[in-house]
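The values are calculated or read from the model by the stated rules, or taken from the named source; none is laboratory data. Just so we're clear, the structure is a prediction, and the values are computed from it rather than from any experiment. Neighbour counts run over all protein chains shown; Cβ positions are idealised from the backbone, glycine included. Heavy atoms of the whole protein, side chains included, go into the accessibility calculation; ligands, DNA and RNA do not. Shrake-Rupley method; radii C 1.70, N 1.55, O 1.52, S 1.80 Å.
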Amino acid sequence: MSTIYITEPDASFKLQNKYLKLLQQDKQRFFIRISNISQFAIFGNIKLPKDVMQIVRLNQIPAIYFTHTGEYVGRLENPSTVQAKYLNYQRQRLHDREFNRATAESIVWAKLHNQQTFLQNWTRYCTDYTTQRASDYLTLLMDNLSLAPCVEELHQYIEEADKVYYCAVASILSLYSSNPHTTAKQINRFLNLGNQLLHQYIYNHLKTAGLHPDYSILHRDTHHELPLAWDFSAEFRAPIVDDLVLNFVRNLAKNNGNGNGNGKKPYTHLQRFLQHWEGKLKTFVLHPSAGEVSYRQCIDLQVKEYIASLLGDVEYYRPLALKFHPEQTNFINMLETQKPILTLVK
């Protein structure tokens with residue numbers, strides 16, 4: 001399944017039987033089967049043609065909208081009228097306090113663990129008081145999670161952890177943000193964009209798997225759209241989004257913010273970030289139970305693990321806890337895939 005990224009307004013579409021063809025300046029950019037499109041990600045004031053919108057509605061393909069700088073605007077979707085496969089099980093578990101408390105603790109523990117692993121990787125050669133304090137505090141909080149009597153108090157652990165963790169991330173970012181092409185505002189925008197792309201990607205997995213995204217464990221307040229997807233995002237945010245943004249900023253600094261360097265029209269920072277995002281999802285890591293798998297597969301495995309716990313097939317939800325490998329040059333990478341072929345409108 002592929003995401004169609006549309007970043008410039010001069011693209012045109014043609015429908016051919018069950019396929020969608022995208023052209024730019026009368027040149028074909030890609031030709032894809034409609035059933036293989038997972039979503040459209042549209043940047044800027046770009047409108048899809050009426051015939052394409054009809055295909056989007058008929059095939060229930062979500063479209064997520066951002067500004068031209070990558071700030072989230074909203075989603076367009078025609079949801080299925082068929083009840084989610086596991087909705088009844090999700091409703092039953094709403095009243096199971098023990099299940100909710102245990103699952104929430106597992107997710108929070110994995111979130112803190114992966115945040116600490118991220119800090120260990122990025123401070124392996126150089127650390128300071130801020131990053132060391134954050135790492136020590138995350139260890140303390142992980143050790144004390146069992147003392148939290150309910151899900152509400154686990155939220156307090158998350159808030160305390162995020163305060164020190166993001167101070168440490170800011171400290172690390174300061175080492176790579178001296179490049180005039182990447183301001184603090186731009187870096188924060190990339191972090192927010194990455195989090196939104198991750199949330200949407202996980203949501204698509206939940207929908208395909210038969211889970212209703214509104215029945216969550218941690219994010220139950222009205223400020224979170226599709227809260228179950230935010231639950232799963234907690235485990236993946238540090239290793240996928242935070243690590244991606246720091247690597248991206250570091251590469252921009254090395255390249256002095258330049259584009260392709262091949263004489264062609266240079267990619268914008270946004271287009272390059274989307275390429276890095278797709279590459280990150282295809283990166284292989286060491287999963288604690290499945291071995292070497294891509295981040296795409298990791299997300300799929302965690303959704304299946306949650307369903308198994310929901311049905312009672314496993315005793316408890318086993319979260320994704322990634323390990324730090326000092327010998328690797330990138331965060332927990334076991335193998336880097338080849339540069340992906342993207343459905344990116346340049």
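Sort S35, S309, S289 by accessible area with a 1.4 Å probe, largest first.
S289, S35, S309
Once the Cα gyration tensor of the chain is found, what semi-axes does its equivalent ellipsoid get, as square roots of 5 times the eigenvalues, in whole Å, sorted largest first?
After diagonalising the Cα gyration tensor, the semi-axes are 33, 28, 17 Å.
F30's amide H: which non-local residues (gap 5+, or another chain) put their own amide H closer than 5 Å, with H modeled 1.01 Å from N in plane and none for Pro or chain starts?
The answer is L22.
From the helices alone, meaning DSSP H stretches of at least four residues, give me the mean residue ellipticity at 222 nm for the chain, per-run term -39500 (n - 2.57), in deg cm²/dmol to the nearest 500.
-15000 deg cm²/dmol
Placing unit charges on C-beta atoms (Lys and Arg positive, Asp and Glu negative, everything else neutral), compute the dipole magnitude of region 10-132 about its Cα centre in debye, rounded to 20.
For region 10-132, the charge dipole is close to 520 debye.
Around N78, with a cut-off of 14 angstrom between Cβ atoms, what is the net charge of the other residues, counting Lys and Arg +1 and Asp and Glu -1?
Summing Lys/Arg as +1 and Asp/Glu as -1 gives +2.
Report, to one decimal in Å, the Kirkwood hydrodynamic radius for region 1-56 based on all distinct Cα pairs.
11.6
Could you work out what % of the accessible surface of the chain is carbon and sulfur, using a 1.4 angstrom probe and leaving DNA, RNA and ligands out of the count?
That share works out to 50 percent.
Output ³J(HN,Hα) for region 33-48: one whole-Hz value per residue in order, computed from phi by the Karplus curve 6.51 cos²θ - 1.76 cosθ + 1.60 with θ = phi - 60°, and x for Gly and Pro.
With coefficients 6.51, -1.76 and 1.60, one gets 5, 4, 5, 9, 8, 8, 5, 10, 10, 10, 10, x, 7, 10, 10, 6 Hz.
Give the percent of DSSP beta bridges with both residues in the chain that are antiparallel, rounded to the nearest 5.
65
Name the residue, out of L175, L211, L244, whose mean-square fluctuation peaks in a Gaussian network model built on the chain with Cα pairs under 10 Å.
Between L175, L211, L244, it is L175 that shows the largest mean-square fluctuation.
Which of L310, L119, L320 moves the most in a Gaussian network model of the chain with Cα springs under 10 Å?
Its mean-square fluctuation being the largest, the pick is L310.
Tell me, what is the FRET efficiency for L311 and N188 to the nearest 0.05, using R0 = 41 angstrom and their Cβ-Cβ distance as r?
The value I calculate is 0.55.
What residue among K207, K14, K282 has the largest mean-square fluctuation in a Gaussian network model of the chain, using Cα springs under 10 Å?
K14
If you roll a 1.4 Å probe over the heavy atoms of the protein chains, what accessible area per residue do you get for region 45-181, in Å²?
57
Can you check what the net charge comes to around I187, using other residues whose Cβ is under 12 Å from the Cβ of I187 (Lys, Arg +1; Asp, Glu -1)?
Net of charged neighbours comes to +2.
In whole angstrom, how long is each semi-axis of the equivalent ellipsoid of region 87-132, when you take the square root of 5 times every eigenvalue of its Cα gyration tensor and sort them from largest down?
37, 9, 6
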